[in-house]
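Trainee: I am attaching a structure below and will ask some questions about it afterwards.
The values are calculated or read from the model by the stated rules, or taken from the named source; none is laboratory data. Since this is a predicted model, take the numbers as computed values, not measurements. Note that we place each Cβ from the backbone using ideal geometry, even for glycine, and neighbour counts take in every protein chain shown. Ligands, DNA and RNA are excluded from the accessible area calculation, which covers all protein heavy atoms including side chains. Shrake-Rupley method; radii C 1.70, N 1.55, O 1.52, S 1.80 Å.
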Amino acid sequence: MPLQDVTVSIDLVKPSGLVGLGKPLILGVKAGTSSIKTYSDIDGVKVDFSESTSVYKKAAAVFAQENRPANLSIATYDTEATDETEPSTAAEAVAKYYDADWFFLLTADAALSQEIAVADYVEGKKFKMYVAKTVDEASRNGFKVKDYDYVINFYHPTAGEQADAALVGEVGSQKVGSITWKFKTLKGITPIDVTADQLASIHEDGSIAYVTKAGVPQTSEGITVSGEYIDVMHGKSWIKSNIENSIQKAFSSNPKVSFDARGIALIEGSVTTVLQQGFAEGIIAADEDNNPLYTVTTKSREEIPAAERAERVYNGLSFSFDLAGAIHEANIKGQIAA
């Protein structure tokens, strides 16, 4: 993460200018000094990567989607690098460029062991997300045993198709909270032919697939490897990032944020503004009267220990909210009158 003075921690509790968080990063092998570069179209990618490369194919799948992002980034690493400061693996590359401007990670040339190493790194950070593609049950299980919350595993055994990149290209940059990752149609991706039992097994492995339902090609689920929903994790990161940025801007744009009722109210207002926007975006649920289901609680100056006031650290604000979620299945009952 960039340098900051604000840290937001969110615990996911189940019942009983804003940051968009949608830009993809593709990691790929390229000889020479490691670099990162942003591209706004596939023609720009073609200048640096030939059409036969995995990097180009991933980028093409991203840009081919109807709701494609405005741009994406590509970072490179050299597997033959001898300079210890240069990344020679995908895991080293993601560590080098983690703080760059991106949210969804794709790997173009990594073997399964390296994909797992990348997943471990991203999961440890608990903010950005990695989207992997697997082609067999053994590879699916390689991810499943780790039970990742921040990793999406797209099972797609069809050769030559970049389902992981297509998914990020179609859904990743849409408004956070406005969509679920299930039911999405991807351009250039062929639905696989599986039985209901086979699809259930794929989901049990923490993976999603691309199938046909009611004659419509679509993503079969919207879950991460752990079984948590992608939109939940994406929304959690959105709230965290935007609250941190909002309060950081309050610190930067005021001569001083005083350690009294005025300063505390300023911080509370910054948090409330983001939560209200999260409600408008569809991340936070509404009650029966369409009021947002969130709370913000603050402690007064007098309730903060003198030692913390002396250190100029305010630990007195907390918040909670109910996730809006989404309906993924429906069980309908009917009856026929005699």
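Trainee: In nm, to one decimal, how far is the modelled label at ASP101 from the one at ASP197, with both set 7 Å along Cα→Cβ?
Mentor: 5.1 nm
Trainee: Something else: Which cross-chain or sequence-distant (5 or more) residues have an amide H under 5 Å from the amide H of THR107, H modelled 1.01 Å from N in plane?
Mentor: When sequence neighbours closer than 5 places are left aside, the close amide H contacts are LEU27.
Trainee: Can I ask one more? In µm²/s, what is D for the stretch 147-288 at 10 °C and 1.306 mPa s, where D = kT/(6 pi eta Rh) by Stokes-Einstein and Rh is the Kirkwood radius from Cα pairs? Walk me through the numbers on the way to the answer.
Mentor: Values: Rh = 17.4 Å.
Estimated via Stokes-Einstein, D reaches 91 µm²/s.
Trainee: How large is the dipole of the stretch 234-317 about the Cα centre if only Lys and Arg carry +1 and Asp and Glu carry -1, each at its Cβ, rounded to the nearest 20 debye?
Mentor: Details: 9 positive and 11 negative charges, 95 e Å.
Value, rounded to 20: 460 debye.
Trainee: Let me ask another. Could you list, in their original order, any pairs among LYS23/LYS126; LYS23/LYS96; LYS128/LYS187 whose Cα atoms are separated by more than 19 Å?
Mentor: Details: LYS23/LYS126 17 Å; LYS23/LYS96 17 Å; LYS128/LYS187 25 Å.
With Cα atoms farther than 19 Å apart: LYS128/LYS187.
Trainee: Could you let me know the centre-to-centre spacing of the stretch 61-80 and the stretch 97-147, using Cα atoms, in angstrom?
Mentor: 16 Å
Trainee: I'd like to check one number: the per residue accessible area of the stretch 265-326, probe 1.4 Å, reported in Å² as a whole number. Can you show the working numbers first?
Mentor: Numbers: 3720 Å² over 62 residues.
Value for the stretch 265-326: 60 Å² per residue.
Trainee: Which value in deg cm²/dmol, rounded to the nearest 500, describes the helix-derived mean residue ellipticity at 222 nm for the chain, given -39,500 (n - 2.57) per DSSP H run of n ≥ 4 and division by the residue count? Before the final figure, lay out the partial values.
Mentor: On the way: 10 runs with 111 residues, N = 338.
Helix-only estimate at 222 nm: -10000 deg cm²/dmol.
Trainee: For the stretch 175-248 and the stretch 270-338, what is the centre-to-centre distance using only Cα atoms, to the nearest Å?
Mentor: Going from one Cα centre to the other spans 23 Å.
Trainee: Between ASP260 and ALA111, what is the spin-label point distance in nm, taking each point 7 Å from the Cα along the Cα→C-beta axis?
Mentor: According to this spin-label approximation, the distance is 6.5 nm.
Trainee: What are the GluC sites (Glu not before Pro) within the stretch 21-112 that DSSP puts in a loop, where the Cβ has at most 12 other Cβ atoms within 10 Å?
Mentor: In loop regions of the stretch 21-112 (DSSP not H, G, I, E or B), the sparsely surrounded GluC sites (Glu not before Pro) are GLU51, GLU66, GLU80, GLU84.
Trainee: For ASP322 and THR190, FRET efficiency with R0 = 41 Å and r from the beta-carbon atoms, rounded to 0.05?
Mentor: Values: r = 38 Å, r/R0 = 0.94.
It comes to 0.60.
Trainee: Sticking with this one: For LYS37 and GLU137, calculate 0.36 nm times their separation in residues minus their Cα-Cα distance, and state this gained length in nm to one decimal. All intermediate terms of the calculation are to be shown ahead of the outcome.
Mentor: Numbers: separation 100, 0.36 × 100 = 36.00 nm, distance 3.43 nm.
Additional length available on full extension: 32.6 nm.
Trainee: Let's test the formula: R0 of 51 Å, r as the Cβ-Cβ distance of VAL145 and GLN276. What FRET efficiency results, to the nearest 0.05?
Mentor: Working: r = 40 Å, r/R0 = 0.79.
Step by step, r from the Cβ atoms, then E = 0.80.
Trainee: Are there trypsin sites (Lys or Arg not before Pro) in the stretch 198-279 that DSSP marks as loop and that have at most 12 other Cβ atoms within 10 Å, and which are they?
Mentor: The qualifying sites are LYS256.
Trainee: Same structure, new question: Counting only DSSP beta bridges with both residues in the chain, tell me the antiparallel percent, nearest 5.
Mentor: Values: 16 of 34 bridges.
Approximately 45 percent, going by the DSSP bridge assignments.
Trainee: What dipole magnitude, in Debye to the nearest 20, does the stretch 189-295 give about its Cα centre under +1 on Lys/Arg Cβ and -1 on Asp/Glu Cβ?
Mentor: Details: 6 positive and 14 negative charges, 140 e Å.
Once rounded to the nearest 20, the dipole reads 680 debye.
Trainee: At most 15 other Cβ atoms within 10 Å and a DSSP loop assignment: could you name the GluC sites (Glu not before Pro) in the stretch 276-338 that fit?
Mentor: Values: sites: GLU281, GLU288, GLU302, GLU303, GLU308, GLU311, GLU329; in loops: GLU288, GLU329.
Taking the stretch 276-338 and a limit of 15 other Cβ atoms within 10 Å, the loop GluC sites (Glu not before Pro) found are GLU288, GLU329.
Trainee: Do any of LYS182/LYS236; LYS125/LYS184; LYS146/LYS249 go past 26 Å between their Cα atoms, and which?
Mentor: Working: LYS182/LYS236 18 Å; LYS125/LYS184 28 Å; LYS146/LYS249 37 Å.
Cα-Cα > 26 Å for LYS125/LYS184; LYS146/LYS249; rest within.
Trainee: Also: Which whole-number value in Å³ per residue fits the convex hull of the alpha carbons of the stretch 71-192? Let's see the in-between values first.
Mentor: Numbers: hull volume 15.5 nm³, N = 122.
Output value, Cα hull per residue: 127 Å³.
Trainee: Calculate the all-directions average of the projected area of the chain's alpha-carbon convex hull, and give it in nm². Write down the numbers at each step before the final one.
Mentor: Numbers: hull surface 91.7 nm².
Computed as one quarter of the Cα hull surface, the answer is 22.9 nm².
Trainee: Can I ask one more? For the pair LYS213 and ALA337, how long in nm is the line joining their label points, each one 7 Å along Cα→Cβ?
Mentor: Between LYS213 and ALA337, the simple spin-label model gives 3.3 nm.
Trainee: Applying 1/(1 + (r/R0)^6) with R0 = 22 Å to the Cβ-Cβ distance of LYS175 and ASN290, what FRET efficiency is obtained, to the nearest 0.05? It would help to have the intermediate numbers written out before the result.
Mentor: Details: r = 19 Å, r/R0 = 0.86.
For R0 = 22 Å, the calculated efficiency reads 0.70.
Trainee: Using the Karplus equation 6.51 cos²θ - 1.76 cosθ + 1.60 (θ = phi - 60°), what ³J(HN,Hα) coupling, rounded to whole Hz, does each residue of the stretch 85-101 give in order, writing x for Gly and Pro?
Mentor: 7, 9, x, 10, 9, 4, 5, 5, 5, 5, 5, 5, 10, 4, 7, 6, 7
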